[in-house]
1. Search region 188-202 for residues being more than 18 Å from the chain's Cα centre (by Cα) and in contact (Cβ under 8 Å) with a residue 24 or more places away in the chain, and hand back the single one that is nearest to ALA129 (Cα to Cα).
2. Note down all Cβ pairs under 9 Å where the first residue falls in region 109-126 and is over 15 Å from ASP154 (Cβ atoms), the second is in a helix (DSSP H, G or I) and acidic (Asp, Glu), and they're at least six residues apart or on different chains.
3. Tally the residues that are in a loop (DSSP other than H, G, I, E, B) and under 15 Å from TYR18 (Cβ atoms), restricting the search to region 46-57.
4. Among the helices (runs of 4 or more DSSP H) contained in region 69-170, which hold 3 or more residues that are closer than 19 Å to LEU186 by Cβ and either small (Gly, Ala, Ser) or at pLDDT 85 or above (or both)?
5. From the set of residues in region 185-216 that are surrounded by 13 or more Cβ atoms within 10 Å (Cβ to Cβ) and of a type in the set (S, T, N, Q), which is modelled with the lowest pLDDT?
6. Answer yes or no: is there a residue in region 38-47 that is within 23 Å of ALA78 (Cβ to Cβ), in contact (Cβ under 8 Å) with a residue 24 or more places away in the chain and among the polar types (S, T, N, Q).
7. Residue check, ARG38 against (1) more than 15 Å from the chain's Cα centre (by Cα); (2) over 20 Å from LEU124 (Cβ atoms), all met but one. Which one?
8. Name every residue in region 136-169 that is β-branched (Val, Ile, Thr), surrounded by 15 or more Cβ atoms within 10 Å (Cβ to Cβ) and closer than 16 Å to SER30 by Cβ, in order of residue number.
Amino acid sequence: MRLARHAILRREGESPRYIYLLLDGWVASSVLLPGGDRQITKFHLPGDLLGTPSMCLERTADTLTALTPASVSRVPLAAFGDLFQRSPHFAAAMLLSIQRERVALMDRLAAVGRTPALARVAALLLDLAERLGALGGGEVSEFELPVTQEQIGDHLGLTAVHVNRIFRQLVETGLVARHRQRVTLLDRAQLKSVSGRQERVPAQDVSWLVGARAEA
């Protein structure tokens, strides 16, 4: 299923009938706030599952919007549920994935609520670089950032003007280089220091999971 840039895959408040696997492109999850503002909860990258939080709800919790041209594979909820029955290993992997997402959300909430704007932007750039690196199997220090300053602000709780000011500061201090949508992380160590991010080390031994033992 192909999506044009700015196309809405699914709106907040609809009946949740599918989840989606993002094959390529970037997609944003967002919720509408009472005053009409938008909070972007996540920038999704290829390989992400979209729409899973709404599986437990009568109505979808967020809107999914393509930030770039994108491709998704649509999976009916019933078919997704069948996978849990057929493959305990898949169910175990989903459990771990959900817990990692909860940790990431916990870190984002702490950052938005308790860290300055510079730390929030630095943490976002590091997070995106790490996730893009995981897709390619290696460290990424240069990548396309196909989102606007307004969208970054909607994600981090900042105005577009403030985001622009922070990027200028990162460039002027030699931490980041920018050319249009191309971002280069010049000093990862200092960016990590500025961001105040917690180093989260994924568990290597997951043999305690029933599914992992059953299909080992």
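The values are calculated or read from the model by the stated rules, or taken from the named source; none is laboratory data. Just so it is clear, the structure is predicted and the values come from calculations on it, not from any experiment. With ideal geometry, Cβ positions are generated from the backbone for all residues, glycine too; neighbour counts draw on all protein chains shown.
1. Looking at the filtered set, the residue picked out is ARG188.
2. Here the result reads ALA123/ASP107, each pair linking region 109-126 to a residue that is in a helix (DSSP H, G or I) and acidic (Asp, Glu).
3. Residues in region 46-57 being in a loop (DSSP other than H, G, I, E, B) and under 15 Å from TYR18 (Cβ atoms): 3 in total.
4. Those helices (runs of 4 or more DSSP H) span 117-136.
5. Ranking the qualifying residues of region 185-216, first place goes to SER195.
6. Checking region 38-47: not a single residue is within 23 Å of ALA78 (Cβ to Cβ), in contact (Cβ under 8 Å) with a residue 24 or more places away in the chain and among the polar types (S, T, N, Q).
7. Of (1) more than 15 Å from the chain's Cα centre (by Cα); (2) over 20 Å from LEU124 (Cβ atoms), only one is false for ARG38: (2).
8. Selection gives VAL147, ILE152.
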